[in-house]
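**Q** Questions regarding the structure given below will be posed in turn.
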Amino acid sequence: MSDSTQRREEAAQALGIARLPVEEQENTIAMIGETLFRRVFLALHDTLGEKESDRFVTMIKEGKPFDELDAFLSEKASEYPNTLQSVLDELGSEFEKARSLANTEYQTYANIQS
C-alpha cells in the first residue's frame, strides 16, 4: 500500500467517509484540505505580509500539493504549527457537531418511518 493510499484511508476513517467510493473520498479530503489552508492563511495573513500572502494565494490557485503549502507556511510563519493545530481543532469540533446532528436527524427519520 502506498503512503498516499494509507493517508487517504486514515483520513477517510477519521472523517467518517470510509464507506464512500475512493473518488468521493479524495474529493472530500481535497476540499477539507483547501478549507484548512484557507483558514490558516486568514489567521496568518498579517504575519505573512502582503508579498508572501500573495505568493501563498498563487500557490493555492496553482493547485500546489499540500506538502508545498505546508513547507511554505512553516518557513514563513513561526506561529504556523500552533495556528494549524488550532484550526484543526476547530474543524474537528465542527465535524463532530455535524456528525451528531446527522445522527440525530437520521434517528428522527428512522423513528418516523417505523
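Readers should treat all values here as calculations from the given coordinates under stated rules, not as data from a laboratory. Computed from a predicted model, the values in this text were never measured in an experiment. For neighbour counting, all protein chains shown are included, and Cβ atoms are generated from backbone atoms with ideal geometry for every residue, glycine included.
**Q** Under a Cβ-Cβ cut-off of 12 Å, what is the net charge of the residues other than residue 86 that fall near it, where Lys and Arg count +1 and Asp and Glu count -1? Spell out each step's value before the answer.
**A** Details: positive: 39; negative: 79, 89, 90.
Combined, the nearby Lys, Arg, Asp and Glu give -2.
**Q** Please give every one of the lysines within straight-line cross-link reach of residue 51, meaning a C-alpha to C-alpha distance under 17 Å, and leave out same-chain neighbours fewer than 8 residues apart.
**A** 61, 76
**Q** Note down the relative contact order for segment 3-114 as a percent, whole number, built from C-alpha pairs under 8 angstrom at least six residues apart.
**A** The value is 24 percent.
**Q** Let me ask you something else. What Kirkwood hydrodynamic radius, in Å, does the chain give when the mean of 1/r is taken over all pairs of distinct Cα atoms and then inverted?
**A** 16.1 Å is the Kirkwood radius here.
**Q** I'd like the projected area of segment 1-51, averaged over all directions, using the convex hull of its alpha carbons. Report it in nm² with one decimal.
**A** Value for segment 1-51: 4.7 nm².
**Q** Could you tell me which trypsin sites (Lys or Arg not before Pro) in segment 18-114 are loop residues by DSSP with no more than 10 other beta carbons within 10 angstrom of their beta carbon?
**A** Loop-located and lightly packed - 19.
**Q** Please identify the GluC sites (Glu not before Pro) of segment 9-106 that satisfy two criteria: DSSP loop assignment and at most 13 other Cβ atoms within 10 Å. Which are they?
**A** Details: sites: 9, 10, 23, 24, 26, 34, 50, 52, 62, 68, 75, 79, 90, 94, 96, 105; in loops: 62, 79.
Counting only loop positions with at most 13 other Cβ atoms within 10 Å, the GluC sites (Glu not before Pro) in segment 9-106 are 62, 79.
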